[in-house]
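Asker: This is the structure I want to talk about, given as structure tokens.
The values are calculated or read from the model by the stated rules, or taken from the named source; none is laboratory data. Everything numeric in this text was worked out from a predicted model, so none of it was measured. Glycine also receives a Cβ, built like all others from the backbone with ideal geometry; neighbour counts cover every protein chain displayed.
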């Protein structure tokens, strides 16, 4: 008899939990969170903005006055490319590499 009461109590608890999760899921707006997670996973790169501006200066106005700064912006974008923010994929790969190196050490 106690097993039936315990099973019913567990079933009721799971049912309430499911209803509560469904209610929370229907009221949460995931758009702001998605933007923030995307910003973490794929952070913006200042070098790409410099490259786009340089190409715009060269292509949009083909006179020599704007071509020189355009070339300078493109060269600068390649120079600062190595200072781009780290992506989560990069951090995970580096962590795996460090763990592999630590495991290879024999003390």
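Asker: Among the residues of region 80-91, what is the count of those that are in a helix (DSSP H, G or I) and surrounded by 13 or more Cβ atoms within 10 Å (Cβ to Cβ)? Spell out how you get there, then give the answer.
Answerer: Let us first name the residues in region 80-91 that are in a helix (DSSP H, G or I), namely 81-83, 88-91.
The next check asks that each one be surrounded by 13 or more Cβ atoms within 10 Å (Cβ to Cβ); those that pass are 81.
Total meeting the criteria: 1.
Asker: Spot the failing condition for residue 34; the list is (1) over 30 Å from the mean Cα position of the chain (by Cα); (2) free of Cβ contacts under 8 Å to residues at least 12 places away in the same chain; (3) surrounded by 10 or more Cβ atoms within 10 Å (Cβ to Cβ), and only one is missed.
Answerer: Evaluating residue 34 over (1) over 30 Å from the mean Cα position of the chain (by Cα); (2) free of Cβ contacts under 8 Å to residues at least 12 places away in the same chain; (3) surrounded by 10 or more Cβ atoms within 10 Å (Cβ to Cβ) leaves (1) as the failure.
Asker: Still on this model: Does residue 12 count as out of contact with any helix residue (DSSP H, G or I) (no Cβ under 8 Å at 6 or more places or on another chain), at pLDDT below 85 and in a helix (DSSP H, G or I)? Spell out the reasoning first.
Answerer: Values: out of contact with any helix residue (DSSP H, G or I) (no Cβ under 8 Å at 6 or more places or on another chain): yes; at pLDDT below 85: no; in a helix (DSSP H, G or I): yes.
Taking the combined requirement at face value, the residue does not satisfy it.
Asker: Could you pull out the residue among 48, 77 that is part of a helix (DSSP H, G or I), touching a residue at least 24 places away in the same chain (Cβ under 8 Å) and surrounded by fewer than 14 Cβ atoms within 10 Å (Cβ to Cβ)?
Answerer: On the way: 77 fails: surrounded by fewer than 14 Cβ atoms within 10 Å (Cβ to Cβ).
Result of the check over 48, 77: 48.
Residue by residue, here is whether (1) over 30 Å from residue 85 (Cβ atoms); (2) surrounded by 10 or more Cβ atoms within 10 Å (Cβ to Cβ); (3) over 35 Å from the mean Cα position of the chain (by Cα) holds:
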| residue | (1), (2), (3) |
| --- | --- |
| 4 | yes, no, yes |
| 12 | yes, yes, yes |
| 19 | yes, yes, no |
| 29 | no, no, no |
| 62 | yes, yes, yes |
